[in-house]
Amino acid sequence: MAPAVLVSGGAGYIGSHTCKCLAAAGFLPVTLDNLSTGHRWAVKWGPLIEADIADRAVVMETVDRYRIVAALHFAAHSLVGESMRDPLKYYDNNVTRALAFAAALIDTGIDQFVFSSTASVYGMPVHLPMAEDHPTRPINPYGATKLAFEGALRDLQGAYGLRHVILRYFNAAGADGDGEIGEAHEPETHLIPNMVLAGLGAGSVLDIFGTDYPTPDGTAIRDYVHVGDLAQAHVAALRHLLAGGESLTLNVGTGKGLSVAEILAKGAEVLGHAVPHRLSARRVGDPPSLVADASAIHRRLGWEPRWSDVDTIIRTAAAWHSSQRGAGKAG
Ligand SMILES: NC(=O)c1ccc[n+]([C@@H]2O[C@H](COP(=O)([O-])OP(=O)(O)OC[C@H]3O[C@@H](n4cnc5c(N)ncnc54)[C@H](O)[C@@H]3O)[C@@H](O)[C@H]2O)c1
């Protein structure tokens, strides 16, 4: 029987791609999701338990029923702007409910846990690229809640032996190479899907926030990692824990930065025409560049990005959004 893994947030963007990858690697992904931002259609590789992560009885019953061996925790709120307007919503879901989830797991005897953290825990870069020992000074409640839960995990390990891998993602992008699932956030705040939607005439004109950054072309630079590569990083982290490996905190990025202008140029090439856009002012709190030092994840888990080149990221995102326009599903 395939070992079962509990995937909170498995109906969401990164969680659903990871479920596909887990199934291909011989695991049964059991999704626990309240569908607050996720989608029933994205759960294809195992059962969906429609419930909140803080529902202790459901978590305990699910662990018992499926003989869960480990948990991957994606469920969270993750909009930076919203976190600034409504921090209580973020502390409630990303810390309080996440702790209730971890407590229920610990009480069932689960001691292996993979957590979706973020480069937002670092705040403004002091130097680039940013390794895991870069200072962590988040500049918004979203990053603060993720950092708070990271700290809690270390305490839970000390007291209850909860071994964990914390994965700090940089910018997730792209879609499943087979076109089965893809990104469908509402509202969509990420550059690449918004660019593709603008290019397909299915979204608003793309805003380019800031053209006067101290970068070679004046636009902001980020480290984009294909969602399929992120999914593989989770499988590698899970295998590490199942093999008895120690707790780790690892960046997931490529170590290469791409500017907004470079993405826009590649978008025009892939779509075959220019993407309608307008130049806007910088957004408060957006650093000029964020690039990962991703050498630790390579060293510790043997992980290497395979699909994170800009061409594959934009092609898979464009294929997904085009298919959804036809199907009238997402985007
Ligand atoms: N997308 C990115 O670029 C990015 C970057 C860094 C970190 N992350 C982190 O990765 C994780 C997944 O991000 P995503 O882009 O797939 O988000 P998403 O919104 O697509 O997925 C989150 C899923 O969690 C579910 N969920 C939220 N709160 C829940 C609760 N209390 N109980 C049960 N289910 C709940 C939602 O319904 C959704 O299916 C998040 O923790 C996010 O903070 C994402």
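Quick notes on this one:
- Close Lys pairs in the chain, defined as Cα atoms under 23 Å apart and 8 or more places apart or on different chains, number 5.
- All distinct Cα pairs of region 113-173 go into the 1/r average, and the inverse of that average, the Kirkwood radius, is 12.2 Å.
- The spacing between region 145-200 and region 3-24, judged by their C-alpha centroids, is 12 Å.
- Dipole magnitude for region 3-117: about 320 debye, using +1 per Lys or Arg Cβ and -1 per Asp or Glu Cβ, origin at the Cα centre.
- Rg/Rg_globular for region 64-125, with Rg_globular taken as 2.2 N^0.38 Å and Rg from C-alpha atoms: 1.33
- For the chain, the antiparallel share of DSSP beta bridges with both residues in that region comes to about 5%.
- On a per residue basis, the convex hull of the C-alpha atoms belonging to region 1-75 measures out at 70 Å³.
- Based on Cα contacts under 8 Å between residues 6+ apart, the chain shows a relative contact order of 18 percent.
- Selected from TYR213, GLY272, ALA198, residue furthest toward positive end of dipole (region 152-299; charges at beta carbon): TYR213
- Ranked MET1, MET195, MET130, criterion: other C-beta atoms within 10 Å, fewest first: MET1, MET130, MET195
- Spherically averaged projected area of the chain from its Cα convex hull (nm²): 15.5
- The distance separating the Cα centre of region 278-328 from that of region 54-128 comes to 23 Å.
- Estimated at 0.36 nm per residue, the fully extended path between ASP207 and ALA152 surpasses their Cα-Cα distance by 16.1 nm.
- For the chain, the longest principal axis of the alpha carbon atoms and the long axis of helix 56-66 meet at an angle near 80°.
- Once the C-beta distance of ARG67 and SER36 is scaled by a Förster radius of 30 Å, the resulting FRET efficiency is 0.65 to the nearest 0.05.
Rule-based calculations on the coordinates, nothing more; no lab input. Keep in mind that this is a model prediction, so the values were computed, not measured. Here Cβ is always computed from backbone atoms with ideal geometry, including for glycine, and neighbour counts include all displayed protein chains.
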